[in-house]
Amino acid sequence: MASASRVMIIGWDCAPPQFLLGPYLHHMPNFRRLVQEGVAGPLRSSDPPITVPAWTCMMSSVNPGGLGFYGFRNRRPGEYDGKWIANSSAVKVPRVWDLLSDAGRKVCVLNVPQTYPVSPVNGVMVSCFLTPDTSSEYTYPSSLKPQIERIADGYIIDVEDFRTEDKRHLLDQIYLMTDKRFKVACALLQVEDWDFFMMVEMGPDRLGHGFWKYCDPDHPKYQPGNEFETAMLDYYVHLDEQLGRLVELAGEDTAVLVVSDHGGKAMRGSFCLNDWLIREGLLTLRQPVSGVTGFDADLVDWERTTAWAWGGYYGRVFLNIKGREPQGTIAPADVERVREDLIARLKSVPDHEGRPMNTQVVRPEDVYSGPYVHEAPDLQVYMDDLYWRLGQDIGHEELYTF
């Protein structure tokens, strides 16, 4: 590392350290050599620990309070239903390849999240899974695109419908995408003049979404001996073979880092956060809904509502504050009291069997700094240390779904 004149970063989105640094390690000789000859261990991700904003936090050293986004979708301040998607145009700070480009160093950036639309660099860039499709301008320079298409025999931006129940087709598509990206990476390594090379493979994330319950004995739906029991291990062995080739092409004068934006774990269920807020008397609808219904601002009686939430792997809770929201109900002087009461209530929620959960509720001013802290959710909820996700829809008969 000390004598290295170039840097290679290999990103595996959603790579779980409990597997890679545990039972998978002896099956991955190339990764194991990096671990044994270098430095390895789990690192804390961003808050929230999801693809956007985590990769940009890593590559800019700026937290979401300085970036101004807290996930793929973000709320427009002062609006009940205004949303926007954080692609590369939302990134207003330089990332490492920008700094290196300005310093005259040559960079090669491949599939790093939040690089679409592409931006000029001193080198080449192939954009990420936020690219609509391959008809878009997804390379810099644009003249690189036909070369990429030829090398990959049809480049794949991302796996379509990675939540499908057709698991065999999904697995085939993940391998196909990964192998096409590997071909492109190998070609760029050999034909481009680079000081900094970075690629991110989204296959591990898509694999985790589709196959975790088949591979992790800790998952409540795991069945020993199922058809896909070794799908995750087999895929990481495949990635390890590719890693060995990439390190070989990089040469002895290259410092190599293998990184991930976040990990993963078994999901035990989903907690219906907005339904819970309704039961707690904090969210009031204009009229009851019939059956499970997507949450919509038009359904809410805002003049009688204290809080509402967005769901996902973490929950975002927003307070209805006078002077900030159009029909705010909470006086600014009462915000802290209301928020502390809500934190206490959320932390006291048990699981479906009445057992305590290790729920963390994050206040933005405790974890963020920068000019956009005021645009963060008023609270971020990690239910039972992220073993449970948070549901946004309303109208469920029960608060716990599976």
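Quick notes on this structure:
- Test: residue in the stretch 317-338 that is within 30 Å of TRP212 (Cα to Cα) and either in contact (Cβ under 8 Å) with a residue 24 or more places away in the chain or part of a strand (DSSP E or B) (or both): yes
- From the options ALA309, ALA344, residue that is in a strand (DSSP E or B) and within 30 Å of PRO220 (Cα to Cα): ALA309
- Screening the candidates LEU390, LEU399 for the property of being touching a helix residue (DSSP H, G or I) at 6+ places or on another chain (Cβ under 7 Å) and more than 30 Å from ASN63 (Cα to Cα) yields one hit, LEU399.
- Positions within the stretch 73-93 being of a type outside the set (D, E, K, R) and modelled with pLDDT of 95 or more, in sequence order: ASN74, TYR80, TRP84, ILE85, ALA86, ASN87, SER88, SER89, ALA90, VAL91, VAL93
- Among the residues listed as PHE197, PHE162, PHE211, the single one being of a type in the set (A, V, I, L, M, F, W, C), modelled with pLDDT under 95, under 23 Å from VAL52 (Cα atoms) and open to solvent by less than 70 Å² (accessible area, probe 1.4 Å): PHE162
- Taking the criterion of being in a loop (DSSP other than H, G, I, E, B), open to solvent by less than 60 Å² (accessible area, probe 1.4 Å) and out of contact with any helix residue (DSSP H, G or I) (no Cβ under 7 Å at 6 or more places or on another chain), the residues of the stretch 268-288 that qualify are GLY281, LEU282.
- Which listed residue is touching a Pro at 6+ places or on another chain (Cβ under 8 Å) and open to solvent by less than 40 Å² (accessible area, probe 1.4 Å), from ALA376, ALA331: ALA376
Residues are listed down the side, and each one gets a yes or a no for (1) open to solvent by less than 40 Å² (accessible area, probe 1.4 Å); (2) acidic (Asp, Glu); (3) under 19 Å from the mean Cα position of the chain (by Cα):
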{"position": "GLY68", "(1), (2), (3)": "yes, no, yes"}
{"position": "PHE72", "(1), (2), (3)": "no, no, yes"}
{"position": "ILE85", "(1), (2), (3)": "no, no, yes"}
{"position": "SER88", "(1), (2), (3)": "yes, no, yes"}
{"position": "LEU100", "(1), (2), (3)": "no, no, no"}
{"position": "ARG105", "(1), (2), (3)": "no, no, no"}
{"position": "THR115", "(1), (2), (3)": "yes, no, yes"}
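- Test: residue in the stretch 16-37 that is more than 22 Å from the chain's Cα centre (by Cα) and more than 17 Å from VAL237 (Cβ to Cβ): yes
- Candidate set from the stretch 38-57 (those that are closer than 21 Å to TYR313 by Cβ and more than 12 Å from the chain's Cα centre (by Cα)); member that is most open to solvent (accessible area, probe 1.4 Å): ARG44
- Selection within the stretch 343-363 - open to solvent by less than 90 Å² (accessible area, probe 1.4 Å), of a type in the set (D, E, K, R) and more than 21 Å from GLY281 (Cα to Cα): ARG363
- Residues in the stretch 133-146 that are farther than 21 Å from GLY104 by Cα and in contact (Cβ under 8 Å) with a residue 12 or more places away in the chain were compared, and the one that is surrounded by the most Cβ atoms within 10 Å (Cβ to Cβ) is TYR138.
Okay, residues lined up against (1) in contact with a Cys (Cβ under 8 Å, 6 or more places away or on another chain); (2) surrounded by fewer than 16 Cβ atoms within 10 Å (Cβ to Cβ):
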{"residue": "GLN190", "(1), (2)": "no, yes"}
{"residue": "GLU201", "(1), (2)": "no, no"}
{"residue": "PRO217", "(1), (2)": "no, yes"}
{"residue": "GLY225", "(1), (2)": "no, yes"}
{"residue": "THR230", "(1), (2)": "yes, yes"}
{"residue": "TYR236", "(1), (2)": "no, no"}
{"residue": "GLN242", "(1), (2)": "no, no"}
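The values are calculated or read from the model by the stated rules, or taken from the named source; none is laboratory data. What you are looking at is a predicted structure, and each value in this text was computed from that prediction instead of being measured. Because the Cβ atoms are built from the backbone with ideal geometry, glycine has one as well, and the counts that use them run over all protein chains shown. Protein only, heavy atoms only, side chains kept; ligands, DNA and RNA dropped before computing areas. Shrake-Rupley method; radii C 1.70, N 1.55, O 1.52, S 1.80 Å.
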